[in-house]
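We did not get these values from a lab; they are worked out from the coordinates using the rules stated. Here the structure is a predicted model, which is why all the values come from computation and not from measurement. When we count neighbours, we look across all protein chains shown, and the Cβ atoms used for this are built from the backbone with ideal geometry, even at glycine.
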Amino acid sequence: MYTLQGKTALITGSTSGIGLGIAIELAREGVNIVLNGFGNAQAASDLIASFDVAVAYHPADMSKPSEIADMMAFASQTVGPVDILVNNAGIQHVASIEDFPPERWDAVIAINLSSSFHTCRLAIPTMRERGWGRIINLASVHGLVASKQKSAYVAAKHGLIGLTKAVALELAQTPITCNAICPGWVLTPLVEAQIEARAGAGGISVEEAGHELLAEKQPSQEFVTVAQVGKLAAFLCSDAAEQIRGAAWNMDGGWVAQ
Ligand code: NAD
């Protein structure tokens, strides 16, 4: 029987939403957790500690390579060498290409794509030494197909799937796997902001705006839950998933089947 008990996971952007959902599902399996992200880190830490695992928090800004390096060193020194790396931190900016502020483009690419290069390059040597590792990149259906007004996000997520495949190939003959998860709409603060903007623009209620959002893209007409994404991440960490390498696994209520 495989066990994840006692392993260490570092999950970027895990103070809310999908990252916190993944932290919860890994903690449920006995994995010690290093949290990162902005917002209420204490509440997230207390929640994870309730699973009786070790937990630490580092506030690194994923757009800053030097802070990412500090975070990786901190993880090893406080909780343990990183066995499971989940590259989850992400931001969105919605605007047409000609109105897209260049600094928002740079931020989306830095946080949603380049940060994963930095964490991977720092985590892989130790994973190789220890003879086991799992890397999970939170891409999106927008890594597989595009939507209007999301040029930076779509470019970053397509890039992240490319990075996932390249890393998976470099590690193909090792016990370290690298895969991407591609969710459709998941109701998190990132999506709530888009629903609120849509409600404001259309003069409709937040509930109606949520229904419209789903009707447009997600055939199930239901949001994916953070717990569902968390359980898929936990599965990708299992021994059963050892030959899943370089996959871009969509969990999207049918979005990209259309
Ligand atoms: P969220 O806004 O709830 O969480 C994002 C997390 O990233 C937060 O913890 C936030 O503090 C952190 N973060 C933001 N900027 C950061 C920075 N510069 N440095 C460090 N941390 C930072 O969003 P979410 O919906 O949970 O998104 C998580 C990931 O899943 C993102 O990569 C997102 O693109 C992806 N995703 C989300 C959806 C969805 O529908 N919610 C769908 C597909 C993919």
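Describe numerically, in nm with one decimal, the distance between label points set 7 Å from Cα along Cα→Cβ at A227 and at E242.
3.1 nm
Per residue, what volume in Å³ does the Cα convex hull of segment 58-109 take up? Intermediate values should be presented prior to the final figure.
Working: hull volume 4.2 nm³, N = 52.
Measuring per residue, one finds 80 Å³ for the Cα hull of segment 58-109.
Once the dipole of segment 8-149 is set up with Lys and Arg at +1 and Asp and Glu at -1 on Cβ about the Cα centre, which of V141, S96, Y57 lies farthest towards its positive end?
In segment 8-149, that residue is V141.
Lysine pairs in the chain with alpha-carbon atoms under 17 Å apart, 8 or more places apart or on different chains: how many are there? If you can, show how the numbers build up before the last one.
Details: K7/K231; K148/K157; K148/K217; K150/K217; K157/K165.
Lysine pair count for the chain: 5.
Over the Cα atoms of segment 89-160, compute the convex hull volume and normalise it per residue, giving Å³. Mind dumping the intermediate values first?
Values: hull volume 5.4 nm³, N = 72.
Hull volume over Cα atoms, normalised by residue count, gives 75 Å³.
Can you tell me the relative contact order of the chain? Whole percent, Cα pairs under 8 Å, sequence separation 6 or more.
On the way: 510 pairs, mean separation 51.6, N = 258.
Relative contact order here is 20 percent.
Determine, for each peptide in 126-132, 34-40, the mean count of other beta carbons within 10 angstrom over its residues, then list the peptides with the highest first.
Working: 126-132: 14.1, 34-40: 20.3.
Listed from highest to lowest mean packing, they are 34-40, 126-132.
If you plug each phi of segment 42-47 into the Karplus form 6.51 cos²θ - 1.76 cosθ + 1.60 with θ = phi - 60°, what whole-Hz ³J(HN,Hα) values come out, in order, with x for Gly and Pro?
Residue by residue, segment 42-47 yields 5, 4, 5, 4, 4, 4 Hz.
Taking amide H positions as placed 1.01 Å from N in the peptide plane, with prolines and chain starts having none, which residues 5 or more places from C178, or on another chain, fall under 5 Å of its amide H?
I135, G246
Add -39500 (n - 2.57) for each DSSP H run of 4 or more in the chain, then divide by its residues: what number comes out at 222 nm, to the nearest 500 deg cm²/dmol? Working shown, then result.
Working: 9 runs with 116 residues, N = 258.
It lands at -14000 deg cm²/dmol.
Can you give the net charge of the other residues whose Cβ lies under 13 Å from the Cβ of V141, counting K and R as +1 and D and E as -1?
On the way: positive: K150, K157, K217; negative: E216, D252.
Cβ neighbours under 13 Å give a net charge of +1.
I need the fraction of alpha carbon pairs in the chain separated by more than 28 Å, rounded to a whole percent.
Numbers: 9850 of 33153 pairs.
Cα-Cα pairs of the chain separated by over 28 Å account for 30 percent.
For segment 153-220, compute Rh as the Kirkwood radius over C-alpha pairs and then the Stokes-Einstein diffusion coefficient at 25 °C and 0.890 mPa s; write the answer in µm²/s, rounded to an integer. List each step's numbers first, then the result.
Working: Rh = 14.5 Å.
Answer, rounded: 170 µm²/s.
Give the calculated FRET efficiency between A146 and S96 to the nearest 0.05, with a Förster radius of 22 Å applied to their Cβ-Cβ distance.
With a Förster radius of 22 Å, E is 0.95.
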